[in-house]
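The values are calculated or read from the model by the stated rules, or taken from the named source; none is laboratory data. This is a predicted model, so every value here is computed, not measured. Note that each Cβ is placed from the backbone with ideal geometry, even for glycine, and that neighbours are counted across all protein chains shown. What goes into the accessible areas is simple: the full protein's heavy atoms, side chains included, and nothing from ligands, DNA or RNA. Shrake-Rupley method; radii C 1.70, N 1.55, O 1.52, S 1.80 Å.
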Amino acid sequence: MRSLNIIFIAPPAAGKGTQAAILKDKYGIAHISTGDLLRNEVNKKTSLGLQLKEQMEQGKLIDDEIVTNLLKLRLQDKDTLNGYILDGYPRNINQAKVLDELLKELNKEIDYVFYLDVQEELAVKRACGRLQCKNCGRIYNKYINESMPKQENICDDCNIPLTHRDDDNEVSFKNRFETFLESTKPLIEFYKNKNLLYIIDSSKDKEKASKEIEKVLNIRGE
Ligand code: AMP
């Protein structure tokens, strides 16, 4: 079986994590979220973690080298042998070029780049209402009917309280969205030129976006 290697590019709260989790389950490939790798460092309260916490809460991008080092280690884990989904990397053109070099070194490839398109007004609503289960990683939203937990603030599957990300507030969201427009959006052209880009409408519900992604993968025989 050949490996399946996917990159998601999207504004904050466009549904990268949700779509990545669906593909991980369906294809048995690794879901690599650089945001999660960084949050792990913050939770460990290492000196690096303390330094990252403040920048992440403000919605600023973390230094390319720090993120790339964490990614390099993660890409060498066994679960990436069938393929991977990169959720949150690259975030700028420099990271995309570094990634090309890194993948060459690790003998890995990129097969698809999905750009999840969503309007700012909807993304801010998704971000500010987003809740996550620390145990299973499932994402809920307290403002969107189809994504609400059955019991307020409790995970349907694990029955434990849900948590809210420190950077999911309006001020931080604004910074993250501006950073997206300035640094991340140019990646659309970068990957279009490499014939790897597919645009997905992520403003509808998660099933519809997932079907659009599946359609692309089916056409190419995955
Ligand atoms: P995310 O979970 O993808 O929304 O990322 C949360 C935060 O982690 C971002 O706002 C950045 O501060 C940081 N971050 C995640 N991925 C990267 C990256 N590739 N480069 C720089 N900072 C990142």
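Please identify, among F173, F114, F190, the residue showing maximal mean-square fluctuation in a Gaussian network model of the chain using a 10 angstrom Cα cutoff.
F190
Using a 1.4 angstrom probe, figure out how much accessible area region 57-139 has per residue, in square angstrom, rounded to the nearest whole.
The answer is 50 Å² per residue.
With springs only between Cα atoms under 10 Å apart, run a GNM on the chain and tell me which of N169, N69, N107 wobbles the most.
Result: N107 has the largest fluctuation of those listed.
Once all Cα-Cα distances of region 4-147 are split into 10 Å bins that start at 0, what whole-number percent is in each one?
Taking every Cα pair in region 4-147, the percentages come to 10, 40, 38, 11, 0.
Checking the cross-link filter: which lysines have an alpha carbon closer than 24 Å to that of K60, excluding same-chain neighbours under 8 positions apart?
By straight Cα distance, K60 reaches K16, K44, K45, K72, K97, K125, K134, K174, K185.
Comparing K174, K206, K78, which has the greatest mean-square fluctuation in the GNM of the chain with Cα pairs linked when under 10 Å apart?
K78
Just the number, please: percent antiparallel of the DSSP beta bridges in region 86-222, rounded to the nearest 5.
Within region 86-222, antiparallel bridges account for around 50 percent of the total.
State the percentage of accessible surface on the chain attributable to carbon and sulfur atoms; use a 1.4 Å probe and exclude ligands, DNA and RNA.
For the chain, the apolar C and S fraction of the accessible surface comes to 48 percent.
Pull up the DSSP beta bridges for region 22-180 and report the antiparallel fraction as a percent, rounded to 5.
55 percent
Points 7 angstrom from Cα along the Cβ direction at L196 and Q76: gap in nanometres?
So the two model labels end up 2.1 nm from each other.
Under a plain spin-label model, where a point goes 7 Å from the Cα along Cα-to-Cβ, how far apart in nm are L181 and E121?
1.6 nm
How high is the relative contact order of the chain, in percent, counting Cα pairs under 8 Å that sit 6 or more residues apart?
30 percent
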